[in-house]
Structures are given as structure tokens and as C-alpha cells.
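Working notes, beginning with the structure itself.
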Amino acid sequence: MAFLPLLWAFVADGCLGRFRTIIISSSLYILGLGTLSFSAMVPSDSDDSNQLKVTLFFCSLFLIAIGQSGYKPCAKVFGADQFDGNDLKERKSKSSYFNWLMFGSCVSITTTRLVSSYIQEDLSWSLGFGIQCVSMLFALFLFLLGTTSYRFTSERGGKKNPFARIGRVFMEAVKNRRQRGYDIVNANETLLLAHQSSEEFRFLDRAAITCGFAEIEEAKSVLRLVPIWMTCLVYAIVNAQSPTFFTKQGAKMDRSISPGILVPAASLQCFINISVLVFIPIYDCLFVPIARSFTQIPSGITMLQRIGTGIFLSVIAMVVAALVETKRLQTARDDITLVMSVWWLVPQYVLYGVADGFTMAGLQEFFYDQVPSELRSVGMAMNLSIYGAGNFLSSFMISVLDRVTSQSGETSWFDNDLNKGHLDYFYWLLASLSFIGLAFYLWLAKSYVYNRSNT
């Protein structure tokens, strides 16, 4: 599902447009939720009904995955498109939009976890899924009500499909790879401007014989995002640990808040959302205006500075997680009757929540702003794909380490009994990789040239 947004983004930016893509993908999403609700109503009293239940269940998951993958990137981009980048006041509001978009997402996630989990566990799974279906249907209705007041971008203006333009630049650059530099310049004197172009990816200037200067710079602006995308993968790998190993840590600790009452280990995830809910208003209402008075930047600090701050905090979060796990293992092995309190995990959750507030919103704004204006859905999908790739890399990394560390009869770092494993070593490894990733990121960010044509 993590890479499906890219397919929808190609469809949205290439032919359908964001508005129609939102309607189609939302309809599929609603259909999937409705099917999921219906599958929960099917009784399991025979082999045929069980087969129907399973079929409906997997069909609903398929529809939900497809629908959500189209809705997510396009809805975010369409919202940002409502701000005029040429107006200073609206440009400031656009930066705030990404902050409050994340705030709203955390509110909805927290509410869903608290309300839906209660309804599904204590009342009815069908009712829980049905409420989500009706909520999404109501959201689509509200979205359609504003149709006449929306700003619809028409960037193409008779130009070729953006994918065709960029693809042509790469093809021509490969075709002309044996051409000498002065032959390329002399072939079209209007492309003498190419010598004033960005110094990066100069091999694309070989497309200057048949492609315009603007088309070449457009291709460069897309290619320029790839190194930043790659350096953020380590952050996404760390991101994958909070709902998995952080939760397993909590399950091995003292979760009692009073006799007979235990805190569910999974509920500790709420500390990330709470941290974001506290952080975003402080960041947007206090930090940004103060920083703006010093930097004269509408968003207070640059997008890359914001992302880098979040990556740095994620390094600190992993160091704290490693220290806490080391202490937990030492306590468990020294005295089996003594168990550390689960509240020791709160600092790493809070740190990671603040890191998310910096990095997630920063990445959304960065990939929206720095792609060509016709490819903004693709830009937002690239942002989402970071986390998808991070999850895959995390699973691959854990699989390899589990096999390597369990050789020769040794206990795996990820033993089912965490008291016998070494999750702390894994956290230290992630902290080291994150630090190296941060160093590469800072090196790239220092030389990055912002694309100002979209503002």
C-alpha cells in the first residue's frame, strides 16, 4: 500500500486531475469501509458463510488500500493549492497549513483509537467500521459542497504532459551523451542560458539541442529530490520501530497504574500523538513568528532546516531508547522480581513525537513545494513512499540481523523473550545509522538549491 500513492499520483497529475482523483479514490475508500462493515455482520455458522466472510474481508482491505492511497496525497495537495504562492500573506498561511494538517490528522487518529476501539471491543465490530464509513461519506459530502469556491490549478496551459516533457529530457540527454559541450550550445543559441543553469546534473544539459532551458531545469528539480529522499530513509526505519519494538518493550515492563488496572502497551502510542498536538500550536504560534523576525523567512526556518531538526531529535530518541532498554535488561537479569515502570518509555515517545512534528510536516511541505507545480501529487506521494520504503527496509534489516545473531546457537537480538535478547544493541545500531544519515543529509542540504519557480 505504501507505494500505491505513486500510481495514483501519476494518474492525478497525468490525466484525471486532483479533484476527480479525490472523488474516485474517496468513493473506493467508502466502498471498502462499507464492505468491511458488512463482512463483520456475516455470521460464522457454516463453511460457506466463513468463506464469504473471508472473501468480503480481503476485498474490503484491497478497496481501502487503493482508495486511501489515492485520497491521501491528492487531498493534501489540493488543500495546499488553495493558497496563492505569489501573495506573501497566503504564502505564510500555506506553511501553517501543513502544520495544522498534521495537527488535524493526530486529532482524528487519537479520537479513532479512543472511540472506535471501545465501540469495536465492547459493542460491535460492524458498528465500529460502519461509523468510519459514514464519517468518510460525510467528509466527501462536505468536500463536494465547496466545489464552486475551490481554486483549480491549470498549470499546463497547452504544454505537453509533464511526464512526457521530463522523460524526453532524459532520453535526449542519453542520446546526445557523445556530443561535445560547444556543439550542444551552438546548436541552439537560445540555450546559451544553459550555461547559467544550476551546476548539478550538468549531463542533462546535453538535451539542450532539442529541449528548452525550462524543461531541462524542470527535470533537474525532480532529480535533485532523490538524494534528499534517500537520506530520509533512515528516519523512516526509526519511525517503523515505535509501533513495534517500543510496544514490545512496554509489554515487558510494569504497566500497573493501580491495583488491578494495567496500561495497554499499545496505548503508549498516544504519547506520540499527544506530543504532536502540544508541539504544533507552540511551533506555529510562537516559534515561527519569533524565528521569522530574525530570518525574514515566512515559515520561520527553511524546510530543510526543519527536516534536519527532526532527524536530529530522532537520533536522540534512539539513544534514549537504547539507554532505557539497557537499564531494563540489567534490572530484569539482576532481579527477576523487580520490573521497571513503563513510564520510563515516555521520554522516547515524546522525543519521537516532537521529531515527527518537525520532520513529517517539513517533508510534506518540501515535496509539495520543490517539485514542478504540475507534479505536486507525485511530490506528496514521494513523501509517503519514504515511510513505505522505510518499513520494508526495517523488516529486511531485522530479518538479516535475526539470522546473523542467532547463528552458532547464540540468542537472537530479537528473541521472543526480550529479557534474553538484545534489543538495546539494535537501538544503538539504529542510532549510529541515524547519525550517519544525518551527516549525509546536512552535507546535501548545505548545497541544495531551492526551486523558487513554484512560489
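We did not get these values from a lab; they are worked out from the coordinates using the rules stated. The model shown is predicted, which means the values in this text are computed figures rather than measured ones. So basically every Cβ, Gly included, is an ideal-geometry build from the backbone, and we count neighbours across all protein chains shown.
Going by a ≥ b ≥ c, the root eigenvalues of the Cα gyration tensor, does region 211-305 fall in the rounded group (a/c under 1.5), the prolate group (a/b larger than b/c) or the oblate group?
Oblate.
Within region 367-455, list the trypsin sites (Lys or Arg not before Pro) lying in a DSSP loop whose Cβ has at most 14 other Cβ atoms in a 10 Å radius.
Sites meeting the loop and neighbour criteria: Lys420, Arg452.
Would the chain count as rounded, prolate or oblate if I go by the C-alpha gyration tensor, calling it rounded below 1.5 in a/c and otherwise prolate when a/b exceeds b/c, oblate otherwise?
Numbers: a/c = 1.82, a/b = 1.40, b/c = 1.30.
The shape class here is prolate.
Mind jotting down the distance between the C-alpha centroids of region 262-320 and region 351-427, whole Å?
18
Taking the chain as the reference, fit the longest principal axis to its C-alpha atoms, fit the long axis of helix 376-405 to the helix C-alpha atoms, and give the angle between the two in degrees, 0 to 90, nearest 10.
50
Applying 1/(1 + (r/R0)^6) with R0 = 41 Å to the Cβ-Cβ distance of Met230 and Cys15, what FRET efficiency is obtained, to the nearest 0.05? Spell out each step's value before the answer.
On the way: r = 29 Å, r/R0 = 0.70.
Efficiency, from the Cβ-Cβ distance: 0.90.
So which of Lys76/Lys220; Lys89/Lys446; Lys94/Lys220; Lys53/Lys252; Lys327/Lys446 end up more than 31 Å apart, counting from Cα to Cα?
Too far apart for the 31 Å limit: Lys53/Lys252; Lys327/Lys446.
Can you tell me which of 125-136, 280-291, 254-265 comes out highest on packing, and rank the rest after it, using the mean Cβ neighbours within 10 Å?
Values: 125-136: 18.4, 280-291: 14.8, 254-265: 11.8.
In decreasing order of mean packing, 125-136, 280-291, 254-265 become 125-136, 280-291, 254-265.
With charges set only on the Cβ (+1 for Lys and Arg, -1 for Asp and Glu), what does the dipole of the chain come to about its Cα centre, in debye to the nearest 20? Present the calculation step by step, with values, prior to reporting the outcome.
Numbers: 37 positive and 34 negative charges, 237 e Å.
Rounded to the nearest 20 debye, it is 1140 debye.
With labels modelled as points extended 7 Å from the Cα through the Cβ direction, what inter-label distance (nm, one decimal) is found for Arg151 paired with Gln296?
Result for the modelled spin labels: 2.4 nm.
Helix 47-80 against the longest principal axis of the chain: what's the angle in degrees, Cα atoms only, rounded to the nearest 10?
50
Using Cβ contacts closer than 10 Å as the measure, can you line up Glu410, Glu200, Glu215 from fewest to most?
Taking fewest neighbouring Cβ atoms as first place, the list is Glu410, Glu200, Glu215.
Please list, short to long, the whole-number percent of alpha-carbon pairs of region 1-153 in consecutive 10 angstrom bins beginning at zero.
Spelled out per bin, shortest first, that is 10, 31, 35, 16, 6, 2, 0.
Can you tell me the 0 to 90 degree angle between the C-alpha axis of helix 162-175 and the longest principal axis of the chain, rounded to 10?
Once rounded, the angle reads 70 degrees.
Can you give me the long-range amide H partners of Asp254? Hydrogens built in the peptide plane at 1.01 Å from N, cutoff under 5 Å, separation of 5 or more residues or another chain.
Those lying under 5 Å, H to H, from Asp254 are Met340, Ser341, Val342.
Just subtract the alpha-carbon distance of Ser408 and Ser105 from 0.36 nm times their residue separation and send over the number in nm, one decimal.
104.4 nm
Which value results for Rg/Rh of region 225-455 when Rg is the Cα radius of gyration and Rh the Kirkwood radius based on the inverse mean 1/r?
Working: Rg = 19.5 Å, Rh = 19.1 Å.
Dividing the radius of gyration by the Kirkwood radius yields 1.02.
At what distance in nm do the modelled label points of Ser395 and Phe170 sit from each other, each positioned 7 Å from its Cα along Cα→Cβ?
According to this spin-label approximation, the distance is 2.6 nm.
Of Ser385, Ser116, Ser108, how do they rank once you tally other Cβ atoms within 10 Å and put the fewest first? Walk me through the numbers before you get to the answer.
Working: Ser385 22, Ser116 17, Ser108 12.
Placing the least packed residue first, the sequence is Ser108, Ser116, Ser385.
Positive end of the dipole of the chain, charges at C-beta (+1 Lys, Arg; -1 Asp, Glu), about the Cα centre: which of Ser242, Ser341, Phe366 has its Cα farthest in that direction?
Phe366
Got the relative contact order for the chain handy, in percent, Cα pairs under 8 Å and 6 or more residues apart?
Rounded, it is 21 percent for the chain.
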